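A.B. asks: Got a structure for you, questions after.
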Amino acid sequence: MNFIEHLFINLNYQNENENFLDFYVTLEKEINILKENYQLQIKTIYIATNDFLFLTNQQLVSLLSLLKQFTNNLTEYSFEIGYETLQQEQLEILKQFSINRLVWKVRTFSTKFLSQINQNFNAEKMMSLIKVSFEAGYRNFSIDLENNISKQSKSDLISDLKITLKLNSPHISYQSHNDSHSVEKKKIISEFLKQHNYQNYEFFSFTKAKKYYSQQTLAYLTLKNWYGLGPNASSFLKLDDQFITINNSGQIPWNSELITLTHEEYYQLILTQNLMLQEGIALKKNDVLKHQAFWPQITTLITNGYLQLENDYLKATNQGWDLLNDILIDIIIST
C-alpha cells in the first residue's frame, strides 16, 4: 500500500462559525478517504493559518482532536500563528495536543510597515505572546519575517533581526514581500545572521542548530510523500512508478485536481527544490543528471561559478547562493 508521511493542513476560510463547520466536515471526510487508500505513517504535521483567522477554544480543540489520531509518532507538529489567530490562554491547548513547534508569522515588528499591511496589526501584542510562549516552555519555534517591503531600509531590516534575537528565536525565515526578491537585502540578512552564528541551511531559512531545521520544509523540498488538506493546499506523491501532484481549489468544500508528472517534470522538481538547500542535491539518491535536457544549463552554471559538484552533491557556490532565486527561475523557464 502507498504511504504518506507528512500532512499539511491549510486553515484558509473566512472568520465565521459556519465556515469552520464546513471546513471541519470536509476535512474529516477527506481524512477518512486517505485512511482507506493510503498507509498513513505520519512524521510531521503543519497547520497553516492566516492573519485574520481567529479560532475559538472549541474550534481549536475540535480541530486538534480530529488530528490526534496521527500524533503518536510525530517528530514535528507545527502550528502557524498570525496576528489574530489565537489568544494567550490557547497556548495551553496547543501544548495539551502535543504541538511542539510554533511558527510566528510576524512579517515585521515595525509599526509603520505593519500599517501598510493592516492597520489593526499590533507588533507589541505579538512580541508579548512570543515571550509568554517561551516562558511556557516552547523552545522550538520560528519567527517568519518579510523583506523588500516598500521603503524598507537596511536599518529597518537590522532592527527586525535584533528584536528577533532578543526573543531567542532558534529559527528565522524570510520571505520576499509580494514575491519581489532583492539580492541586496538577502545579503544584508545573511551577513547579519552569520555574525550571530545562524546557518542559512535553506534559501529562506536560518537556524543555530540542526535540531531546529523545519522538517516540513525538508520534506517538501526533498519530495517526500506529503499530502495537503484544505483550500488551496497541494500534495506530492510518489506512487509505484508514478509522480503525482494534487492541487486543491480555494472554496469549501474544495475540489482536487490530480496531475501525473512526466519523468522530466519530476526531475526538474528535484533540481529546483533540492538546490534550495545549502547542501544541494544528493546525486547518489537522485539521478537527475542523467536527463540530458538539464545538462547544457547545468554545465553553463558550473562554468560561470554558480553551481559546483562536491562530494557527490550538486550545490550552489557562495556566489550562486545569493543569486539562487533568479537561477532557479531561469532553470524552470529554460527546461
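A.B. asks: Pick from the stretch 22-58 the residues that are part of a helix (DSSP H, G or I) and among the polar types (S, T, N, Q): which of them is nearest to the chain's Cα centre (by Cα)?
C.D. replies: The first filter runs over the stretch 22-58 and keeps only residues part of a helix (DSSP H, G or I), leaving 22-37, 57-58.
Narrowing further to those that are among the polar types (S, T, N, Q): 26, 32, 37, 57-58.
Working: THR26: 23, ASN32: 25, ASN37: 26, ASN57: 25, GLN58: 27 Å.
Restricting to residues being part of a helix (DSSP H, G or I) and among the polar types (S, T, N, Q), the top hit is THR26.
A.B. asks: Looking at the stretch 319-335, which of its residues are more than 23 Å from the chain's Cα centre (by Cα) and in a helix (DSSP H, G or I)?
C.D. replies: Correct list: GLN319, ILE333, SER334.
A.B. asks: Out of the residues in the stretch 89-114 that are under 13 Å from ASN147 (Cα atoms) and over 21 Å from the mean Cα position of the chain (by Cα), state the one that is modelled with the lowest pLDDT.
C.D. replies: Going through the qualifying residues, I end up with LEU114.
A.B. asks: Could you list all residues from the stretch 59-95 that are part of a helix (DSSP H, G or I) and hydroxyl-bearing (Ser, Thr, Tyr)? Even if it seems obvious, please write down each step before you answer.
C.D. replies: Restricting attention to the stretch 59-95, the residues satisfying the condition of being part of a helix (DSSP H, G or I) are 59-70, 88-95.
Selection gives SER62, SER65.
A.B. asks: Step by step: first the residues of the stretch 182-195, then only those that are in contact (Cβ under 8 Å) with a residue 24 or more places away in the chain and in contact with a strand residue (DSSP E or B) (Cβ under 9 Å, 6 or more places away or on another chain), then the one that is nearest to ASP322 (Cα to Cα). Which residue is that?
C.D. replies: If we take residues in the stretch 182-195 being in contact (Cβ under 8 Å) with a residue 24 or more places away in the chain and in contact with a strand residue (DSSP E or B) (Cβ under 9 Å, 6 or more places away or on another chain), then LYS186 is nearest to ASP322 (Cα to Cα).
A.B. asks: Please determine, by comparing only the residues of the stretch 6-55 that are within 24 Å of ILE117 (Cβ to Cβ) and acidic (Asp, Glu), which one is modelled with the highest pLDDT.
C.D. replies: Here the answer is ASP51.
The values are calculated or read from the model by the stated rules, or taken from the named source; none is laboratory data. If you're wondering where the values come from, they're calculated on a predicted model, not measured in any experiment. In this analysis, Cβ positions are derived from the backbone assuming ideal geometry, glycine residues included, and neighbour counts consider all displayed protein chains.
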